Amino acid sequence: MRLTYIPIENTDADYAARAAIARAEAAGSAAGVPMGEEDMRWVDSHRKPGAFCSREFVCAGGNRIGTVSCIEETDDGMPGNHALGLTLLPEYCEVGVEEPIFEHLLEIVKSVGGQVATACAGDDRAVLSAVLLRMGFECVKREGRPELDLAEFDASRFAPTLREVERQGIALRSLVELSEEGVDWALNCYELSRELVLEVPALGHLRTCGLDKFREQIDTPWWFPEGWIVALDGERWVGQSNLIPYPERRDVAVTVLTGVVESHRRRGIATSLKVTALERARQAGVRFVHTDNEEGSAMLGLNLRLGFRERYTLTYRKTL
Ligand SMILES: CC(C)(COP(=O)(O)OP(=O)(O)OC[C@H]1O[C@@H](n2cnc3c(N)ncnc32)[C@H](O)[C@@H]1OP(=O)(O)O)[C@@H](O)C(=O)NCCC(=O)NCCS
């Protein structure tokens, strides 16, 4: 199959075409979440000018069958590293186009003097993983991306844990309830998050984003106070878990930061927070929940105990 490439522009037509490809790819899995046009515009507006070495539609027989991207990674301390991305219509997965597409991307990395190329694949993309390994990429990281189908989630299994947490005098409240009582949830959650993310490097930006940015979450498409649960020990805010449905697919949600202050750990609080957030999400019509966890982390173990299915994202790297 002869493949050609057309540069992607920031026009309405190209955003619509990119979103259609993302929607088709996501439709290939039950809990797949496409990135919508608005989110794409938002992400692009926050990129440095000239961030992309290349961003193109992949065409075959006159049809746009996918999109590719090559972007220099500047945050990972690895000079010359370029992240390669591929979104492909499901009918073109596994028909042999992945290898020529990645060869094209590697040529781009070489043409800009890049020394390293990195690509990611879910553990359900066996063909893509095999192609990358054949092309000399090496698997360098495996991160947990556990998934839960709320139709199979049995909250009653955790009722004894929730009762025990309540017996210890810990109250679990959603931001809806706290806001109704006039509590300044933003200030308290901001301070708590800043403490908790010290142990979660991936969410480190929450330490520097500022209280104003924190308050700005209200009334964005991502605002879901029903699924943001905090644990209070009297006046003290000791833990939180939050979960957000995707604006593009309200039946799929991602859990963001779950954490409990050190003095209150191993008392069932994180379990109770998550069970409560999952139940609220189910009541709001969410069916699938996923998250990202470091391999071997306490949080991954906790999620698997809750019934999340083990899934992984694999990172592949090739030195040129
Ligand atoms: C991970 C974290 C949220 C757990 O909170 P917690 O309230 O202590 O968790 P729970 O008491 O509900 O623990 C439930 C079970 O999870 C597992 N677990 C929890 N912490 C664990 C740890 N440090 N090591 C191994 N297993 C652990 C255990 O199986 C535990 O059951 P047990 O105590 O009966 O053995 C807490 O350690 C934390 O806030 N860490 C820092 C923030 C963070 O890393 N968050 C995750 C990324 S968003």
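The values are calculated or read from the model by the stated rules, or taken from the named source; none is laboratory data. Everything numeric in this text was worked out from a predicted model, so none of it was measured. No Cβ is skipped: glycine too gets one built from the backbone with ideal geometry, and neighbour counts run over all protein chains shown. Note: accessible area is taken over every heavy atom of the protein model, side chains too, but ligands, DNA and RNA are not part of it. Shrake-Rupley method; radii C 1.70, N 1.55, O 1.52, S 1.80 Å.
Worth pointing out:
- All told, Asp219 falls short of being within 12 Å of the ligand (Cβ to nearest atom) and either of a type in the set (Lys, Arg) or farther than 15 Å from Asp149 by Cα (or both).
- Filter pass, Arg163 being open to solvent by 70 Å² or more (accessible area, probe 1.4 Å) and in contact (Cβ under 8 Å) with a residue 40 or more places away in the chain: no
Each row is one residue, and each column tells you yes or no for (1) touching a helix residue (DSSP H, G or I) at 6+ places or on another chain (Cβ under 6 Å); (2) at pLDDT below 95.
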{"position": "Ala117", "(1), (2)": "yes, no"}
{"position": "Ser156", "(1), (2)": "no, no"}
{"position": "Glu166", "(1), (2)": "no, no"}
{"position": "Leu172", "(1), (2)": "yes, no"}
{"position": "Glu181", "(1), (2)": "no, yes"}
{"position": "Cys189", "(1), (2)": "no, yes"}
{"position": "Thr220", "(1), (2)": "no, yes"}
{"position": "Leu232", "(1), (2)": "no, no"}
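- Residues (of a type in the set (Gly, Ala, Ser), outside any strand (DSSP E or B) and either in the same structural domain as Glu99 (by TED's automatic domain parsing) or within 30 Å of Asp123 (Cα to Cα) (or both)) located in segment 134-176: Gly136, Ala151, Ala155
- Filtered residues of segment 70-90 (kept if assigned to a loop (DSSP other than H, G, I, E, B) and β-branched (Val, Ile, Thr)): Thr74
- Candidates are the residues of segment 9-29 that are open to solvent by less than 60 Å² (accessible area, probe 1.4 Å) and among the aliphatic types (A, V, I, L, M); the one that is nearest to Arg249 (Cα to Cα) is Ala26.
- Residues in segment 115-127 that are more than 20 Å from the chain's Cα centre (by Cα) and open to solvent by less than 10 Å² (accessible area, probe 1.4 Å): Ala117 only.
- When segment 271-320 is filtered for residues that are within 13 Å of the ligand (Cβ to nearest atom), farther than 30 Å from Gly114 by Cβ and charged (D, E, K, R), the ones remaining, listed by number, are Lys274, Arg305.
- Within segment 277-299, being under 23 Å from Ala202 (Cα atoms), open to solvent by 70 Å² or more (accessible area, probe 1.4 Å) and part of a loop (DSSP other than H, G, I, E, B) holds for Asp292, Glu294, Glu295, Gly296.
- Extreme residue, modelled with the highest pLDDT, among residues of segment 58-76 that are under 21 Å from the mean Cα position of the chain (by Cα) and aliphatic (A, V, I, L, M): Val68
- Just so you know, in segment 36-79 the residues that are aliphatic (A, V, I, L, M) and touching a residue at least 12 places away in the same chain (Cβ under 8 Å) include one that is farthest from Cys120 (Cα to Cα), and it is Ala60.
- Residue list for segment 46-57, restricted to those being under 30 Å from Thr291 (Cβ atoms) and either open to solvent by less than 60 Å² (accessible area, probe 1.4 Å) or at pLDDT 85 or above (or both): Ala51, Phe52, Arg55
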